[in-house]
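Heads up: the structure comes next, in structure tokens.
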């Protein structure tokens, strides 16, 4: 049920923003997924193994992992909590199994490391990760020349 709801939200996000126009011809509609993993007592080696075996398996086309510092309010005491965090960024074309892959990563982390939750944020975006071949050597200043100073008044 949760996986079906997640998938519906992911795919609806793309349809809910038809006014978003991709800027570059190669860009395509994508879903940007951000997962927030509290580290607690998870060692660097344990995290690396999780990323290699669980995340790579479900997102073989690529992803980015960032380090962060998380803060939240404990529901029972209202005191702020803090912990090291890993942030997983994935940009993927909408697909029928995308919600299941995200949910599987969340469930695997919660189970393996005894976490209460893995935060999730999704957005409808445009993206391009294609091989663009030879680099364009034109500089931005060739395309967008710098503005020329205005002539002083009276000259």
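Couple of notes before you dig in:
- Every listed requirement among (1) in a loop (DSSP other than H, G, I, E, B); (2) at pLDDT 90 or above; (3) touching a strand residue (DSSP E or B) at 6+ places or on another chain (Cβ under 8 Å) is met by residue 109 save one, (1).
- Scanning segment 90-128 for residues that are loosely packed, with under 14 Cβ neighbours inside 10 Å and within 16 Å of residue 32 (Cα to Cα) yields 93, 95, 96, 97, 121.
- Looking only at segment 64-86, residues that are in contact with a strand residue (DSSP E or B) (Cβ under 8 Å, 6 or more places away or on another chain) and without any contact (Cβ under 8 Å) to a residue 24 or more places away in the chain come to 11 in all.
- If you check 29, 25, 60 for being under 20 Å from residue 122 (Cα atoms) and exposed (fewer than 10 other Cβ atoms within 10 Å of the Cβ), only one passes: 60.
- Summed over segment 112-129, residues that are more than 17 Å from the chain's Cα centre (by Cα) and part of a loop (DSSP other than H, G, I, E, B) total 4.
- Condition broken by residue 133, with the remaining ones in (1) more than 19 Å from residue 32 (Cβ to Cβ); (2) modelled with pLDDT of 95 or more satisfied: (2)
- Condition check for residue 48: out of contact with any helix residue (DSSP H, G or I) (no Cβ under 8 Å at 6 or more places or on another chain), part of a loop (DSSP other than H, G, I, E, B), surrounded by fewer than 14 Cβ atoms within 10 Å (Cβ to Cβ) and free of Cβ contacts under 8 Å to residues at least 12 places away in the same chain: no
The values are calculated or read from the model by the stated rules, or taken from the named source; none is laboratory data. These figures come from a predicted structure and were not determined experimentally. Counting neighbours? That spans all protein chains shown, and the Cβs are built from the backbone with ideal geometry, glycine included.
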